[in-house]
Structures are given as structure tokens and as C-alpha cells.
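The numbers here are math on the coordinates, done by the rules we state, and not lab data. Remember, predicted model here, so these are calculated numbers, not experimental data. Backbone-built Cβ (ideal geometry, glycine too); neighbour counts: all protein chains shown.
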Amino acid sequence: MGTTSARGDLIRTESLGKVFADGQVQALIDVNVGIAQGEFTTILGPSGSGKSTLLGILGGLDQPTTGQVLFEGKPLSSMRNLDDFRTRKIGFVFQSFLLLPTLTARENIQIPMFEGPLRGSQRVEKATQLLEAVGLAHRSEHLPSQLSVGERQRVAIARALANDPPLILADEPTGNLDSRTAQSILDLFSKLHEERGLTLIVVTHWEPLVDYATRVIRLKDGRVASDEYIAKPLRSYRSVMNEGLETPASGRV
Ligand SMILES: Nc1ncnc2c1ncn2[C@@H]1O[C@H](COP(=O)(O)OP(=O)(O)OP(=O)(O)O)[C@@H](O)[C@H]1O
Ligand SMILES: [Mg+2]
């Protein structure tokens, strides 16, 4: 269950296991999942089921005890420079936004770009474009404390896109938001997924997120309990744009 063909997988786990240092907690057990480019995957499961542990290992923030993660066919463990890999290939979005409080929205977005090739004026231009993409062109000079929580998460999403990574990993990105704001953040993810062909892996225990996903993986006690492909998400950016339509207009596999 949960294993897909190696061909075309952007990221894949093989027999992934994680035991925490005290040896008491088996956080992940034999997790085999392959995520293809362009999927909008949500990973659900109750608290303690291993979601954040899995996401951290997928993003190279943590190491597995057994098994491995392959990105574009290459084991993360073989990469000389994981920092560089993360900077170029992965955009992270967290529940608590993790914005720097003394930097404006536009400055926060540029942080990951300092590791890349862009020069000062190009960084500012790119950040401005990203602010537009997340609907915050009018908030560019605001500090995080001057933004609503939903706006803060939009800035964090723009920051995740700073280096055009092929993969976005999000851990409970709607966890600090009321349901209406959460919905608008999911609509934004859906828009980015459709317009940019982004691959998204979003960890949550918030069931409505399932409506947006093209893939739903459920974890239970550290194992994959189910793994389902959804050809036509119930909600998508396009269906939201055509509010009132019973059938979503989007339906890629
Ligand atoms: N650093 C750690 N040391 C020891 N045990 C840990 C550590 N991190 C997580 N765990 C344990 O591993 C298991 C999985 O934790 P994880 O944070 O991945 O769950 P989760 O599904 O993300 O939960 P939540 O929905 O509450 O965020 C839990 O039993 C947790 O207590
Ligand atoms: Mg968690």
C-alpha cells in the first residue's frame, strides 16, 4: 500500500522508519510513499501519528532511523550539502509562520534568496511579484505584527516560493487560522498548484483540507493506513472562482 512506481516520482520514501533517541517511540514504521510531480497531497492523521516527523524527514530536516528518502531518484543521505538542497528544492510553510518580526513582508520573502544567484534589485523585484501572487501587493512594507494572521501565512507562502522550488512542504499551515481564513489559504495553495504546477505536501488534522487534494494519505500510529488518489478534487481554485458551480471545473489527475 502506498508505493507508487519509481518512474516520475518527485520524492519517494523507501521503508522509512523513525525511532526517537530514547528508543521508546516508533514514530514511523515502514512508510513507502511516492509523490509524483504536480500532486497536491495531504497527509492526515491524529495527533502523534507521525505527520510532522514524516514531513521533517521528507524535507531533510531530520534523518530516518531506517530506510531512505529519494528526491528525483537521488537519496537525500547521499547529498553533500543538504542546506543547498533545501534552499533550491523545498519551500517550507509552518503553522506559526516563522517570519522575522523586524523585517517587512517584502524583506521576509527575500530571506531564502540570499542563498541564490539573484542580486539586490532582482530580489526586490522577485519578492514584489510573489507578494502579488499571494494577493498582498498592498502590504509589502508592513511588519508581521501589522498583518493579520492570514496575511502572515500568505507572506510565509510567498517566502516558500522565493527560489521557485518544485516542492512545497507545509505542516499544519491552517492550524492558527479561523476556518474562513484557513479556506482562503487553501484556495491560495490550490491556485499555486494549478497555475504553477507546484507539488504540495500538506500535513494536517483538519479534515476539510481533503477537499482540495489530489492525493490523501492517512497515517495511524506511524504507519500508512490508507492512500487514495482523487482525480477531481471537490474544491479547487477554479471551482472557487466559479462559485456556485456544483461540479468543480478542475480535474487533472
Ligand atoms: N524529538 C522527539 N523525541 C521523542 N519523541 C518524539 C519527538 N518528536 C516526536 N516524537 C514522538 O513521535 C510521535 C510522532 O510525533 P509527530 O510530531 O510526528 O506527530 P504528529 O502527527 O505531527 O502530531 P500533531 O498532530 O500533534 O502535530 C509522537 O508520539 C511524538 O511524541
Ligand atoms: Mg505535527
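The table for this structure:
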| item | result |
| --- | --- |
| Fewest-first sequence of Leu130, Leu167 by Cβ atoms within 10 Å of each Cβ | Leu167, Leu130 |
| Given 12 as the ceiling on other Cβ atoms within 10 Å, longest exposed-site-free region of the chain for trypsin sites (Lys or Arg not before Pro) in DSSP loops | 120-253 |
| Which of Leu198, Gly56, Ala21, positive extreme of dipole for the chain (C-beta unit charges) | Leu198 |
| Distance in nm between pseudo-label sites at Glu125 and Leu143 (7 Å out along the Cβ direction from Cα) | 3.0 nm |
| Contour minus Cα-Cα distance for Ser78 and Thr65 (0.36 nm per residue) | 3.2 nm |
| Radius ratio Rg over Rh of the chain, counting only Cα atoms, Kirkwood formula for Rh | 0.96 |
| Sorted by Cβ density within 10 Å, fewest first, the residues Ser140, Ser179, Ser226 | Ser179, Ser226, Ser140 |
| Partner lysines for Lys232 [C-alpha distance under 28 Å; skip if fewer than 8 residues away on the same chain] | Lys51, Lys89, Lys191, Lys220 |
| Net +/- balance of residues flanking Leu16 in space, Cβ distance below 12 Å, scoring K and R +1, D and E -1 | 0 |
| Radius 9 Å from Cβ of Arg235, net charge of other residues (Lys, Arg +1; Asp, Glu -1) | -2 |
| Difference of contour (0.36 nm per residue) and Cα-Cα distance, Asp30 to His205 | 60.9 nm |
| GluC sites (Glu not before Pro) lying in DSSP loop within the stretch 55-119, provided at most 13 other Cβ fall within 10 Å | Glu72 |
| Residues Leu76, Leu103, Leu44, sorted so that the one with the fewest Cβ neighbours within 10 Å comes first | Leu103, Leu76, Leu44 |
| Helix-only CD estimate at 222 nm, as mean residue ellipticity for the chain, using -39500 (n - 2.57) per DSSP H run (n ≥ 4) | -8500 deg cm²/dmol |
| Relative contact order for the chain, counting Cα pairs under 8 Å that sit 6 or more residues apart, in percent | 25 percent |
| Extension gain from Ala231 to Arg180, taking 0.36 nm per residue of separation minus the Cα-Cα distance | 15.8 nm |
